[in-house]
Amino acid sequence: MFGSLFRRNASQKLSALLLVFGFIWGLVLLRYTFQQPKRQNSAELREQILELSKRYVRALAEENQNAVDGPRGASMAGYADLKRTIAVLLDDILQRLGKLENKVDDMIPSSVTDTTNSTSSNSAPAGGSKQISQQEFTSLCGLTSIDGFPHCQGKVKWMKEMWKSEPCYASYGVNGSICSFILYLSEVENFCPMLPERIKNVAAANVLKPKAKILSSLDGLLATLAEREELLWIKLRIERMNEKWIAAVKALAKKYNLQDRPQKKILLHLGLLTKESGFKIAENVFKGGPLGELVQWSDLITSVYLLGHNITVSTSIDQLKGHLSILTGNKDGCPIRGEKLLDLIYIDIVGLKQLGSVLGTSFTHYRCLLRVLDSFGTEPEFNHAEYTKKKNYGSPWGKLNLIPKQFYNMFPHTPDNSFLGFVVEEYFHKNHSAFLNKISRTNKALVYGKLADYWKDKIPFLDIVRKYAELHGTFHEDYKVVLPKYVINHGILSGHDLQLLLRETKVFVGLGFPYEGPAPLEAIANGCIFLNVKFNPPKNRKNTQFFQGKPTFRELSSQHPYAETYIGKPHVWTVDIDNLSLVEELLRQIMNQKVEPYLPYEFTCEGLLERLNVFIEKQDFCLQREIWPPISALRVKVAKPSQSCVEVCQKEQLICEPAFFYHLNKVAELQRYKIICSTSKKESDLYLPAYNPENQLCLLQSDYLLFSCAGSHEYYNRICPCRDYVKGQVAFCQGCLESKMDN
């Protein structure tokens, strides 16, 4: 068989080699499967097999790339078709591996699911000892509650059976007693709450840690960014906004006591900029490529730097490996001993998978440190791996089993996630006021859309706009769509030139896509009126291809729901652009309007610094020592059947706050709010806690990852934790602002 390879032509040789390697690799996987230690569970084995398979395919892909594009590539033109064929083949294999992973998931019984990721509390080995009750925790160790730690009982049960299986457990003080298990599981692996007396020790240790000092210069950060070509766009944005950032951080320091904050060790990994991602965003960023994610990353990096934390920025897998190399050398099943090397990890969805492959089995110990930049949001039903499988929700981005608040969105999309946001860039000049007074605003209409494809089928609408304003565009010159000659195209503009053009423009015209970008807020901040496209019916993953893979059922009522809901007229006019007579009527009104520039505080430099500082200080997904926002902000509302908590809270001019679900999910607490439970039981679904007023049956949530503001049930009344909010800073309750930065 192998000898015949060398009697074929080059194309046949390479194809045959791929088949041979595949055959050999299959044998390797089989041998690997049956030679693993018996104590390794199926989920771990599955992940390792699939990861090895992916590495094999990627290695072949890289080898293929080198063979065709290497030093002798010019003399191998005949391989062009072969290269494309192999590329398609390898991509197909990777996709099949992804599908295989889902199928293997379905084959693994819930009783043997990886206990580090499982949301079931029954994570002990079969035939193990009786589950430890909460009363035993209290009587033996003084642990008053394990609310918010659903794995704790199962993990203690597992430790009781298996604590001698790894020598390192003893080195952490595990001696076979229940309290030693809790001590380990609370302070090393974060599966149980800390013992009361130990909380004081941790607080005392924090006093000795270095303090974060507010910085008044960005020179050090800019020098670091200048060393990397892929960060050029981010560097230029920071330079343009330098004076605003410095003024903002000084203003924040005057408003709050920021002197006693512990300095955090923070890793920021920009997976979307890695070459391994294949997105080529850094290469296309100056050619009209997507900017929303880079805007958010730029402002996040700037903020954590100015807030005085110890930051490391990674833009490649090699850099990530270098920063985390000490974490991956652990040979046994325990985490690295000693102080954690990181306090926070900011990452995106692409980078998250890269982090998992680098950390391997150590990943679970750093899960609670993650803050995932997620533009469109991830709802609990997609985040929860088992629930997603049960409902057969297809999405390549879900099944991460994080606490939903660990996802950081660009806008306040869903209260189940955290609203990080970004900074809206305004035009700035050294002689700002005098210079702006010289700029005259004329009847110009600037169309929102860098790609001419966005303009397709919009010509009748643009014809109406053109009757009232001179039509301008900023799209790439290389386009195939035939556009009207009356469009004045400026090409792709620099940030400075775009801001200047917006200052001269009357109307910023939406076309329906892109969805929820930063540009409309920039236009409004520069004094434009935004013509926002209304969607009827709303766009969602059921009727719009763009959203089909997104891990959310959220419905978009318009191109920019935030601008529609939180800003509105006179700055934002939302209209169905297919209704041409209505469009014309609105344009008559708009052209007679005179509006001043407007920018919500939460999208200013100071607003983002304020919000991020509170998140860093107060959001704790590891030890969870306190509820934040404070429980005093809780307003309990009861939804009608088929009504979500998002809806019932909004109706009361409030916001659903998922952090309060832990507090409400008890019969005793429900009775305090006049909800009488004659009987109760625990289940796992999105609409819990809930109750039936007819028979006074209360249903409590058994799976904390499924706490959801968005869920509803056609028969049961949801019990909803709402809170008020600060206009212009919706991430905070009104009572949060006075003491939110006190330590």
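Read-outs: derived from the displayed coordinates by stated rules, not from any lab. As the structure is a computational prediction, the values presented were derived from the model and not from experiment. Backbone-built Cβ (ideal geometry, glycine too); neighbour counts: all protein chains shown.
Summary of values
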| read-out | value |
| --- | --- |
| Cα shape, the stretch 572-615, gyration tensor, a/c 1.5 rule | oblate |
| Alpha-carbon spread of the stretch 437-598, three principal axes, descending order, Å | 48, 36, 33 |
| Length gained when the stretch Tyr566-Lys211 is fully extended (0.36 nm per residue, less Cα-Cα span) | 124.1 nm |
| Lys399 long-range amide H proximity, modeled H, under 5 Å | Asn383, His384 |
| Amide H contacts of Gly512 (H built 1.01 Å from N, under 5 Å, at least 5 apart or other chain) | Val533 |
| Where only C-alpha atoms are counted, convex hull volume of the stretch 219-413 per residue in Å³ | 149 Å³ |
| Residue-by-residue Karplus 3J(HN,Hα) for the stretch 236-252, coefficients 6.51, -1.76, 1.60, Hz, glycine and proline x | 5, 5, 5, 4, 4, 9, 3, 5, 5, 4, 5, 4, 5, 5, 5, 5, 5 |
| For a label point 7 Å along the Cα-to-beta-carbon line of Ala253, residues of the stretch 309-325 with backbone N under 15 Å | 309 |
| Sorted by Cβ density within 10 Å, fewest first, the residues Ile234, Ile590, Ile631 | Ile631, Ile590, Ile234 |
| The stretch 437-598, relative contact order [Cα under 8 Å, separation at least 6], % | 24 percent |
| With eigenvalues of the C-alpha gyration tensor scaled by 5 and rooted, the stretch 228-274, Å | 27, 18, 6 |
| Under 5 Å, built H, 5+ apart or other chain: amide partners of Cys722 | Arg635, Val636, Lys637, Glu657 |
| For the stretch 550-659: relative contact order, % (alpha-carbon pairs under 8 angstrom, 6 or more apart) | 11 percent |
| Residue order, fewest to most beta carbons within 10 Å, for Thr544, Thr414 | Thr544, Thr414 |
| Residue-span extension gain [Leu697 to Gln545] - 0.36 nm each, minus C-alpha spacing | 50.6 nm |
| Stretch gain in nm, segment Cys179-Asn201, where the contour uses 0.36 nm per residue and the Cα spacing is subtracted | 6.3 nm |
| Rounded, prolate or oblate (a/c below 1.5 giving rounded, otherwise prolate when a/b exceeds b/c) for the stretch 356-432 by Cα gyration tensor | prolate |
| Anisotropy class of the stretch 589-743 from Cα gyration tensor, a/c 1.5 cut | oblate |
| Cα-Cα over 22 Å, subset of Lys405/Lys550; Lys321/Lys405; Lys254/Lys569; Lys399/Lys618; Lys534/Lys569 | Lys321/Lys405; Lys254/Lys569; Lys399/Lys618 |
| Relative exposure of Trp245, Trp397, Trp233, judged by other C-beta atoms within 10 Å (fewest first) | Trp397, Trp233, Trp245 |
| FRET efficiency estimate (nearest 0.05) - Cβ-Cβ, Asp260 to His496, R0 51 angstrom | 0.85 |
| Cut-off 12 Å between beta-carbons: net charge of the residues surrounding His496, Lys and Arg +1, Asp and Glu -1 | -1 |
